[in-house]
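Trainee: Before anything else, here's the structure in question.
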Amino acid sequence: MRVGIYAFDEITMFHLAVPQMVFDEVARQGLAPWETFLFADRKGSVRTAEGYRIAGVLGLPAASEADVVVVPSWFADGRPLPAPSQRMLIAAHQRGATLVGLCLGALPLVDAGLLRGRSAVTHWHAFDLLRHRHPEIPLDDSVLYIDHGDVLTSAGTASGLDACLHLVRSRLGADTANQVARSLVIAPHREGGQAQYIERPVPQEPGDGTIPRVLEWASEHLQESLTIERLAAVAHMSERTFVRDFAAATGTTPAAWVRSRRLDEARRLLETTDRPVERIAGECGFGSAVTLRQNFAASFGTSPIAYRRRFDARERM
């Protein structure tokens, strides 16, 4: 199998190296005759973001020989892909090649119309940009990659390793993927998604209005029952008026805000304390460890215990 990797000026060496490391390891281990090559808008060389010049890069016509075409990254400003390169992606897809967009490399694939009506994932920094440009594309921050068979997209930087290893697994089987993972000293499969990395601070509404005061009060009483009826009573409003004003101030519903705030507090306690999950569940208002685990998995794609292992701030003190 031939894997063509799209290179461009100012790409980082890490992004360029990820698919080469994983796919070339298949050949190095003698597991399958896979071959990678770099191609760009013009034959010759590209200059990386680190200032290195990489020579021996093929031109766009070389992509017609690839079974898999990888866009390993893209510019943070989301600039349009040059028209000839976009036509190359479309042509590759039409002839049956698998298209892979790693990290911000998902943007050119979406712009080329290769994910119409289908979900995608990219680095969370680019979610707003992609939503604005293509509101019809569902974005999922709870996964590391999404594979539609013909088009695969991945989340933030290191998720490219997961996506490439997944492609090895889907083409050559779990045993081969495990062997590649062991050789590269990476996990053969990681749980969760990038949602657990996204900063979600408590909304800071301006002014001294009623809703900000209710939010502050609710944040101090997360362990209690925070129904709309009770929150409206704290605000001295009717329930209908409270829900309307709450949505105008926060852009969400009271139930969704309370759930998000409780999850934020649970994350903080998991990161900074050794309290048992059962206790944290009670202090955050989830009632039971089971409810906390269900909500945690739905939002972050991982368990509280796994999250604590990964983000325990006490280990860095």
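The values are calculated or read from the model by the stated rules, or taken from the named source; none is laboratory data. Quick caveat, the model's predicted, so the values are computed rather than measured. For neighbour counting, all protein chains shown are included, and Cβ atoms are generated from backbone atoms with ideal geometry for every residue, glycine included. Side chains included, ligands, DNA and RNA excluded: accessible areas come from the protein's heavy atoms. Shrake-Rupley method; radii C 1.70, N 1.55, O 1.52, S 1.80 Å.
Trainee: Confirm whether Pro108 is open to solvent by less than 30 Å² (accessible area, probe 1.4 Å), at pLDDT 90 or above and in a helix (DSSP H, G or I).
Mentor: Numbers: open to solvent by less than 30 Å² (accessible area, probe 1.4 Å): yes; at pLDDT 90 or above: yes; in a helix (DSSP H, G or I): yes.
Yes.
Trainee: Also, quick follow-up: Do we have Arg118 as in contact (Cβ under 8 Å) with a residue 40 or more places away in the chain and among the basic types (Lys, Arg) here?
Mentor: Values: in contact (Cβ under 8 Å) with a residue 40 or more places away in the chain: no; among the basic types (Lys, Arg): yes.
Considered against the rule, which asks whether it is in contact (Cβ under 8 Å) with a residue 40 or more places away in the chain and among the basic types (Lys, Arg), Arg118 comes out as no.
Trainee: Failed condition for Ser142, given (1) in contact (Cβ under 8 Å) with a residue 40 or more places away in the chain; (2) of a type in the set (Gly, Ala, Ser); (3) assigned to a loop (DSSP other than H, G, I, E, B); (4) within 25 Å of Glu10 (Cα to Cα), with all others met?
Mentor: Result: Ser142 fails condition (4) only.
Trainee: Take the residues in region 139-149 that are surrounded by fewer than 22 Cβ atoms within 10 Å (Cβ to Cβ) and either under 16 Å from Pro72 (Cβ atoms) or among the charged types (D, E, K, R) (or both); name whichever of them is nearest to the chain's Cα centre (by Cα).
Mentor: This residue is Asp141.
Trainee: Could you tell me which numbered condition Glu136 fails, if it satisfies all but one of (1) modelled with pLDDT of 95 or more; (2) surrounded by fewer than 22 Cβ atoms within 10 Å (Cβ to Cβ); (3) not small (Gly, Ala, Ser)?
Mentor: Going through (1) modelled with pLDDT of 95 or more; (2) surrounded by fewer than 22 Cβ atoms within 10 Å (Cβ to Cβ); (3) not small (Gly, Ala, Ser) one by one, Glu136 breaks only (1).
Trainee: Could I ask something else about it? Which numbered condition trips up Gly193, out of (1) out of contact with any Cys (no Cβ under 7 Å at 6 or more places or on another chain); (2) at pLDDT 90 or above; (3) crowded, with 21+ Cβ neighbours inside 10 Å?
Mentor: (2)
Trainee: Restricting attention to region 111-122, report how many residues are in contact with a Ser or Thr (Cβ under 8 Å, 6 or more places away or on another chain) and farther than 12 Å from Trp74 by Cα.
Mentor: We begin by selecting, within region 111-122, every residue in contact with a Ser or Thr (Cβ under 8 Å, 6 or more places away or on another chain); these are 115, 120-122.
Checking the rest, the ones that are also farther than 12 Å from Trp74 by Cα come to 115, 120-121.
Total meeting the criteria: 3.
Trainee: Under 7 Å by Cβ, and 6 or more places apart or on different chains, what pairs join a residue from region 71-93 that is farther than 18 Å from His125 by Cα and hydroxyl-bearing (Ser, Thr, Tyr) with one that is at pLDDT 95 or above and part of a helix (DSSP H, G or I)?
Mentor: Ser85/Leu60
Trainee: May I ask you to list the residues in region 251-278 that are under 25 Å from Val214 (Cα atoms), over 23 Å from the mean Cα position of the chain (by Cα) and surrounded by fewer than 18 Cβ atoms within 10 Å (Cβ to Cβ)?
Mentor: So the first thing to find is which residues in region 251-278 are under 25 Å from Val214 (Cα atoms), and the list is 251-269.
Remaining after also requiring over 23 Å from the mean Cα position of the chain (by Cα): 253-255, 258, 269.
Listed by number, the residues that qualify are Thr253, Ala255.
Trainee: Moving on to the next point. Hey, any hits in region 211-221 for a residue that's of a type in the set (Gly, Ala, Ser), more than 28 Å from Leu144 (Cβ to Cβ) and assigned to a helix (DSSP H, G or I)?
Mentor: Going through region 211-221, the residues of a type in the set (Gly, Ala, Ser) turn out to be 218-219.
Next, from what is left, pick out any that are more than 28 Å from Leu144 (Cβ to Cβ): 218-219.
The next check asks that each one be assigned to a helix (DSSP H, G or I); those that pass are 218-219.
Checking region 211-221: at least one residue is of a type in the set (Gly, Ala, Ser), more than 28 Å from Leu144 (Cβ to Cβ) and assigned to a helix (DSSP H, G or I).
Trainee: Select from region 26-78 the residues that are under 24 Å from Gly96 (Cβ atoms), open to solvent by 60 Å² or more (accessible area, probe 1.4 Å) and either among the hydroxyl-bearing types (Ser, Thr, Tyr) or outside any loop (DSSP other than H, G, I, E, B) (or both) and list them in ascending order.
Mentor: Result: Glu35, Leu58, Pro61, Ser64, Glu65.
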